[in-house]
1. In degrees, nearest 10, range 0 to 90: what is the angle between the Cα axis of helix B:26-44 and the longest Cα principal axis of chain B?
2. Measuring from a point 7 Å out along Cα→Cβ, what nm distances, shortest first, does C:Glu10 have to its partners in the other copies?
3. For the stretch C:28-136, run through the chymotrypsin sites (Phe, Trp or Tyr not before Pro) and keep only the ones in DSSP coil with at most 14 other Cβ atoms within 10 Å of their Cβ.
4. Please find, in a Gaussian network model of chain B (springs between Cα atoms separated by less than 10 Å), the residue of B:Met133, B:Met20, B:Met41 whose mean-square fluctuation is greatest.
5. Tell me the distances, shortest first, between A:Thr104 and the same position across the other copies, using label points 7 Å along Cα→Cβ, in nm to one decimal.
6. To the nearest 10 degrees, how steep is helix C:127-142 against the longest Cα principal axis of chain C, on a 0 to 90 scale?
7. Mind checking the dipole of the protein assembly as shown: about its Cα centre, +1 per Lys or Arg Cβ, -1 per Asp or Glu Cβ, Debye to the nearest 20?
8. Considering only the other residues whose Cβ falls under 12 Å of the Cβ of A:Arg72, what net charge follows from Lys and Arg at +1 and Asp and Glu at -1?
4 protein chains.
Amino acid sequence: MESSPRVPLEITVRFAETDMMGIVHHSAYVVWFEAGRIAWMATAGVPYAQVSAAGYNFAVTEINARYRTPIRFGEPVQVISRLTALRSRQVEFEYEVCHRDAGTLFATGHSRHICVDRDGRTVTIPQWVVEGMTAGIKRLSDE
Amino acid sequence: MESSPRVPLEITVRFAETDMMGIVHHSAYVVWFEAGRIAWMATAGVPYAQVSAAGYNFAVTEINARYRTPIRFGEPVQVISRLTALRSRQVEFEYEVCHRDAGTLFATGHSRHICVDRDGRTVTIPQWVVEGMTAGIKRLSDE
Amino acid sequence: MESSPRVPLEITVRFAETDMMGIVHHSAYVVWFEAGRIAWMATAGVPYAQVSAAGYNFAVTEINARYRTPIRFGEPVQVISRLTALRSRQVEFEYEVCHRDAGTLFATGHSRHICVDRDGRTVTIPQWVVEGMTAGIKRLSDE
Amino acid sequence: MESSPRVPLEITVRFAETDMMGIVHHSAYVVWFEAGRIAWMATAGVPYAQVSAAGYNFAVTEINARYRTPIRFGEPVQVISRLTALRSRQVEFEYEVCHRDAGTLFATGHSRHICVDRDGRTVTIPQWVVEGMTAGIKRLSDE
């Protein structure tokens, strides 16, 4: 997994995401992480909307974010996501939030998830999802 | 309906709701309106969670908000909600956002809704909801 | 102004923007409208971050949104924004939220704004902003 | 610090905070943590609005949240916050999110902060803030 591909997602900071300190509010990053892993899934060839429509979700069990440099409105932001674990019932992702051009590292984070069904019960990740993600990792790594 | 009771809800401004202008972001009021009408329903004796759990929702068809005076973090806010229409498939609410003590009127707004079932189809508002709301209006008006 | 150019912005629905009805929450559209008019400004050649950094903001005085068709996670959304008024101290925008491919009209809306300075006082829109916006409208209309 | 007082804050789940899984979205907890530590400050006698108005802010450097049991709309929630570190430039808080009546532990979390001035520079926490917090801890512990 250490070598799993890193998928970038461009983020345009929303004015609504700033706070009275004049910077992006820390809770926005958590939503960006989510957008980042959904972009990862799409790039890997397993759109999360398909997983969700099939009745499965990667419920969040842990979120961690470390903030280094504040982000201001107008700065071009990139969230780079990487799958770091794919187990029978769990997935984990890592994130880097950085300046698109300057490369400044704004923040890092990770998240842990368990697969749940429509009733919220922990279940095994469906085989087609695992296979799709695995094939995506291989394909992206080969590129 | 003009005389339908006005139900107040105290709002503690969240830091996350401020923006880089140093005031509460205008989108937060829309969420407060929702909290306001849910407080209205609870006070009327028909908790919205019950309506929703029974498979019905008051889907929003229109939102209007007029902003008069900006709100700053730390100011005690009150949203006063009032039902202005209760039809077979529709409800409407009006809102006033004001300073809890000084009475300053920060904003006004209204929303229109249609009743939908679990599949998102427009349906008649269930009889028990209509009766509960009507009884609540009468009881609150008599107080 | 009726002929002012329409600027599209692609929106990827965020999972966080959905609600327990399984559709995008109505407050998200208000944030999308904002992203839409900021995209309009950027396209017109007057990045809003510059206006804001110069100490001016287009404070929202009114928001209106009409919701026609619910939006689901995974649907490709486009917000099309158009300036409908440019006065000495005020601007107005109109929005259409539609399906990127199918063209379904999900919602429409408009917003009114007054220009304020760092202290929140109503002021005349700076000349360079008016000229930039006017030149942008002309340039985009000619394209 | 281990014995610093625990300050509860009642949270009414907002419909907007739910997602299409039918539960509260994980990013809402991060905003609740903030509301929780602001309630802690108020209870300790040092309203955060005063700290912020004086030009100081506790910028977030780290957020961690562990989610145990999903929260549904309508459930009465309580965030219990506790200061776990008060250093010359840093503060840390811990949070428990639980059911107000049943006591179910929904989630736990912690946050780290550095004190910054209006320009975002790391500074020593003002003496009056430290003294106020320390006096508040003592007073609350004695109650």
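1. Helix B:26-44 and the main axis of chain B meet at about 40 degrees.
2. Here the equivalent label points are 0.9, 4.7, 4.8 nm apart from this one.
3. Passing both the DSSP loop test and the Cβ count: no residue.
4. In this elastic network of chain B, the residue with the biggest mean-square fluctuation among B:Met133, B:Met20, B:Met41 is B:Met20.
5. Sorted ascending, the copy-to-copy spacings read 3.3, 4.1, 4.3 nm.
6. In chain C, helix C:127-142 runs at an angle near 50 degrees to the longest axis.
7. Roughly 0 debye, rounded to the nearest 20.
8. So the environment of A:Arg72 carries a net charge of -3.
Only the coordinates and a few stated rules stand behind these numbers; no lab work does. Quantities reported herein were computed from a predicted structural model and do not represent experimental measurements. Using ideal geometry, Cβ is built from the backbone for each residue, glycine included, and neighbour counts are taken over all protein chains shown.
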